[in-house]
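J.: Quick one: the structure is below, questions incoming.
The values are calculated or read from the model by the stated rules, or taken from the named source; none is laboratory data. Everything numeric in this text was worked out from a predicted model, so none of it was measured. Here Cβ is always computed from backbone atoms with ideal geometry, including for glycine, and neighbour counts include all displayed protein chains.
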């Protein structure tokens, strides 16, 4: 690793190391996307027992997460291919997830019905996508010399 004196950011000097981080990030993104689509799809489109097992879902959070699952897959493919647009997609996913999480917090503070596991899941989603965006940033962002 070498340090960029202009901004204090550490950059990966070895392309093999960068590729391994991007490979790991892409696998996490695709796995997260597949799990999100399966779980969200089961609640949204499954039988009444599946919906009942989900408990007090918050519809806007459920729909956002389900739709985001498709973006997770796209980001995972883009990260695998080391495309710069995947960096911006990962940043957008992280930011939009944080915003929906904040809206969920407002819903909860306003006395809205919810499940505690939704707060846990949204915390995990926000942290995972912040980490994936950081990995993508280090590997794909244009750096000044």
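J.: May I ask you to say which residue of 139, 86, 121, 90 is surrounded by 14 or more Cβ atoms within 10 Å (Cβ to Cβ), modelled with pLDDT under 95 and part of a helix (DSSP H, G or I)? Don't jump to the end; show me each part of the working.
T.: Numbers: 86 fails: modelled with pLDDT under 95; 121 fails: modelled with pLDDT under 95; 90 fails: modelled with pLDDT under 95.
Among 139, 86, 121, 90, only 139 is surrounded by 14 or more Cβ atoms within 10 Å (Cβ to Cβ), modelled with pLDDT under 95 and part of a helix (DSSP H, G or I).
Residue-by-condition table, conditions (1) touching a residue at least 12 places away in the same chain (Cβ under 8 Å); (2) in contact with a helix residue (DSSP H, G or I) (Cβ under 6 Å, 6 or more places away or on another chain):
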| position | (1), (2) |
| --- | --- |
| 59 | no, no |
| 69 | yes, yes |
| 72 | yes, yes |
| 89 | yes, yes |
| 107 | yes, no |
| 110 | no, no |
| 122 | yes, yes |
| 129 | yes, yes |
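J.: So, in the range 18-57, exactly how many residues are touching a helix residue (DSSP H, G or I) at 6+ places or on another chain (Cβ under 7 Å) and on the phi > 0 side of the Ramachandran plot?
T.: Matching residues across the range 18-57 total 0.
J.: Got at least one residue in the range 103-112 being under 12 Å from the mean Cα position of the chain (by Cα) and either at pLDDT 95 or above or surrounded by 14 or more Cβ atoms within 10 Å (Cβ to Cβ) (or both)? I'd like the intermediate steps shown before the answer.
T.: As a first pass, look at the range 103-112 and keep what is under 12 Å from the mean Cα position of the chain (by Cα): none.
No, there is no match, as no residue in the range 103-112 is under 12 Å from the mean Cα position of the chain (by Cα) and either at pLDDT 95 or above or surrounded by 14 or more Cβ atoms within 10 Å (Cβ to Cβ) (or both).
J.: I'd like the full set of residues that are closer than 23 Å to residue 116 by Cα, surrounded by 15 or more Cβ atoms within 10 Å (Cβ to Cβ) and in contact (Cβ under 8 Å) with a residue 24 or more places away in the chain, limited to the range 21-44.
T.: Once the filter is applied, which keeps residues that are closer than 23 Å to residue 116 by Cα, surrounded by 15 or more Cβ atoms within 10 Å (Cβ to Cβ) and in contact (Cβ under 8 Å) with a residue 24 or more places away in the chain, the range 21-44 yields 32, 33, 36, 37, 40.
J.: A further question follows. When the range 45-66 is examined, which residues are found to be surrounded by 12 or more Cβ atoms within 10 Å (Cβ to Cβ), at pLDDT below 95 and in a helix (DSSP H, G or I)?
T.: 50, 51, 54 - these are the residues of the range 45-66 that are surrounded by 12 or more Cβ atoms within 10 Å (Cβ to Cβ), at pLDDT below 95 and in a helix (DSSP H, G or I).
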